[in-house]
Amino acid sequence: MNNNFIDVLVIGGGVVGLAIAKTFAAEKRDVLVVERENTFGSVTSSRNSGVIHAGVYYDQDSLKAKFCAPGNKRIYEYCNKFRIPHFNTGKFIVACSKDEIPKLDEIYEKAGDNGVEGIKRVTRDYVSQVEPLVECEEGLFVPSSGIVDQASLMRSYLGELELSGSIAYNSKFIKSELKNNVHVSTVLNEGNEIKIESSILINAAGLYAEDVAKSISSMDKTLIPKTYFAKGNYFETSKDLNIRHLIYPIPNEASLGLHLGLDIGMQVRFGPDVEWIDEINYDVDENRLESFYNDIRKYIPTFDKGLLKKGYSGVRPKLKNRGEGKSDFIIQGEEIHKSKNLINLFGIESPGLTSSLVLGEHIVELVS
Ligand SMILES: Cc1cc2nc3c(=O)[nH]c(=O)nc-3n(C[C@H](O)[C@H](O)[C@H](O)COP(=O)(O)OP(=O)(O)OC[C@H]3O[C@@H](n4cnc5c(N)ncnc54)[C@H](O)[C@@H]3O)c2cc1C
């Protein structure tokens, strides 16, 4: 067994763990990320819509609202600075029936509360002039929404991290104990147990953050929230529909609605939907195609079902179960759990990608 001492140990090499780690590295702190997979960001951070969210939906006092709108600005600045492929596409949120119009009013107000700039009401004629395939009763145009190539973004975070730190793949965090204010963690690397001592321990394990927190002996277990899993499935089409904006229906309790997204090559995909699951799996059930088709037709009535094919899926770590309402991020520092220099991040679902840079800065401030 080896003994290693470092300043900061980050558990999880997803977009959030990498953003936190590279922010520590920028302060010349000695930082190590342990990632149990054989590469970075292969879990939720590559199984999402890749949307740079504007921050229109979230309740004003939520952490999602706190991080998303500033995160949006920061991601664009970062992408421009480091030449990360991205597009500021803008998006339409569409009310497809008259009863949905009051929901647009609510979103419009929330967007204002959250400091989202430039959002405007648009008529059905305006929407159909800009996107002729899309039909609705009324809409909102959100100019600051866009898309980013997540892999390039994470590669850039990794490059910055490596200025003063590193990442260890195939390295699974097993447990940690606090001894004389030092976190002594056990990591399993290719069958070998390695002890790593660190002043600071960050749990950015995404879907597995609850399990990781339970393995930290100094953690008060009553403070660990239960994580529920809501899979989001996608269906795609390889035909160029000549749509260049993101199209979102009215959101529901668990998701932003089955939207039309674009990848960086402008290929259209639809989703994610919401499928509550007990065990994490990424299978996409072909039988969901019919319900996708029905939802898509609400805003693209002429859509040809034959164009749809099964895509991928991602799993949201939800802190509220089906029917219990919206869940928010939970970030726990010493002031909550009384364990020295330990931060847990729970429920980092959407807009975690958009928020990653500001989340990283927030976490570093919390322990500085
Ligand atoms: C369907 C879907 C669509 C989404 N769309 C968007 C979007 O358009 N825009 C947006 O802003 N956000 C979106 N999100 C949210 C965004 O993808 C996440 O918030 C973000 O990827 C979370 O990053 P993370 O680093 O916290 O988690 P992850 O990417 O899951 O990374 C956690 C890492 O920890 C590792 N790990 C776990 N346990 C251990 C252990 N014991 N030891 C070592 N390593 C461990 C895992 O292998 C993993 O790599 C979406 C999410 C989903 C599910």
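Show the residue pairs meeting these rules: Cβ distance below 7 Å; 6+ apart or different chains; first residue within segment 101-113 and in a helix (DSSP H, G or I); second residue at pLDDT 95 or above and surrounded by fewer than 17 Cβ atoms within 10 Å (Cβ to Cβ).
Pairs found: 101/137; 108/121.
For residue 5, are the conditions met, namely being in contact (Cβ under 8 Å) with a residue 24 or more places away in the chain and either part of a helix (DSSP H, G or I) or away from the ligand (no atom under 12 Å from the Cβ) (or both)? Walk me through how you get there before you give the answer.
Values: in contact (Cβ under 8 Å) with a residue 24 or more places away in the chain: yes; either part of a helix (DSSP H, G or I) or away from the ligand (no atom under 12 Å from the Cβ) (or both): yes.
In short, yes.
Which one is farthest from residue 283 (Cα to Cα) among residues in segment 14-47 that are near the ligand (Cβ under 9 Å from one of its atoms) and either in a strand (DSSP E or B) or touching a Lys or Arg at 6+ places or on another chain (Cβ under 7 Å) (or both)?
33
Inside segment 324-347, can you point out the residues that are closer than 20 Å to residue 60 by Cα, surrounded by fewer than 21 Cβ atoms within 10 Å (Cβ to Cβ) and modelled with pLDDT under 95?
324, 325, 326
Could you grab me the full set of residues in segment 208-226 that are buried (at least 18 other Cβ atoms within 10 Å of the Cβ) and farther than 22 Å from residue 279 by Cα?
Passing the criteria: 216, 219.
Just a yes or no: is a residue in segment 188-200 more than 15 Å from the ligand (Cβ to nearest atom) and surrounded by 22 or more Cβ atoms within 10 Å (Cβ to Cβ)?
Scanning segment 188-200, I find at least one residue that is more than 15 Å from the ligand (Cβ to nearest atom) and surrounded by 22 or more Cβ atoms within 10 Å (Cβ to Cβ), so the answer is yes.
One line per residue, one yes/no per condition, for (1) over 30 Å from residue 298 (Cα atoms); (2) assigned to a strand (DSSP E or B); (3) out of contact with any His (no Cβ under 8 Å at 6 or more places or on another chain):
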{"position": "195", "(1), (2), (3)": "yes, yes, yes"}
{"position": "199", "(1), (2), (3)": "yes, yes, no"}
{"position": "209", "(1), (2), (3)": "yes, no, yes"}
{"position": "222", "(1), (2), (3)": "yes, no, yes"}
{"position": "235", "(1), (2), (3)": "no, yes, yes"}
{"position": "242", "(1), (2), (3)": "no, no, yes"}
{"position": "256", "(1), (2), (3)": "no, no, yes"}
{"position": "266", "(1), (2), (3)": "no, no, yes"}
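Here's a check for you: in segment 50-67, which residue that is away from the ligand (no atom under 12 Å from the Cβ) and charged (D, E, K, R) is nearest to the chain's Cα centre (by Cα)?
Checked segment 50-67; the qualifying residue nearest to the chain's Cα centre (by Cα) is 66.
Does segment 289-323 hold any residues that are within 30 Å of residue 206 (Cβ to Cβ) and surrounded by fewer than 16 Cβ atoms within 10 Å (Cβ to Cβ), and which are they? Steps first, please.
The first filter runs over segment 289-323 and keeps only residues within 30 Å of residue 206 (Cβ to Cβ), leaving 289, 291-292, 295-296, 308-323.
291, 309, 321, 322, 323, listed by residue number.
Kindly indicate which of 74, 47 is more than 13 Å from the chain's Cα centre (by Cα) and closer than 20 Å to residue 264 by Cα. Talk me through it step by step, then tell me what you get.
On the way: 47 fails: more than 13 Å from the chain's Cα centre (by Cα).
When all the criteria are applied, what remains is 74.
Being out of contact with any Asp or Glu (no Cβ under 7 Å at 6 or more places or on another chain), of a type in the set (Gly, Ala, Ser), closer than 23 Å to residue 55 by Cβ and surrounded by fewer than 23 Cβ atoms within 10 Å (Cβ to Cβ) is true for just one of 356, 368, 350. Which residue is that? I'd like the intermediate steps shown before the answer.
Numbers: 356 fails: surrounded by fewer than 23 Cβ atoms within 10 Å (Cβ to Cβ); 368 fails: closer than 23 Å to residue 55 by Cβ.
None of the other options fit; the residue is 350.
The values are calculated or read from the model by the stated rules, or taken from the named source; none is laboratory data. Given the structure is predicted, the values throughout are model-derived calculations rather than measurements. Cβ sites come from the backbone with ideal geometry, for glycine too, and all protein chains shown count toward neighbours.
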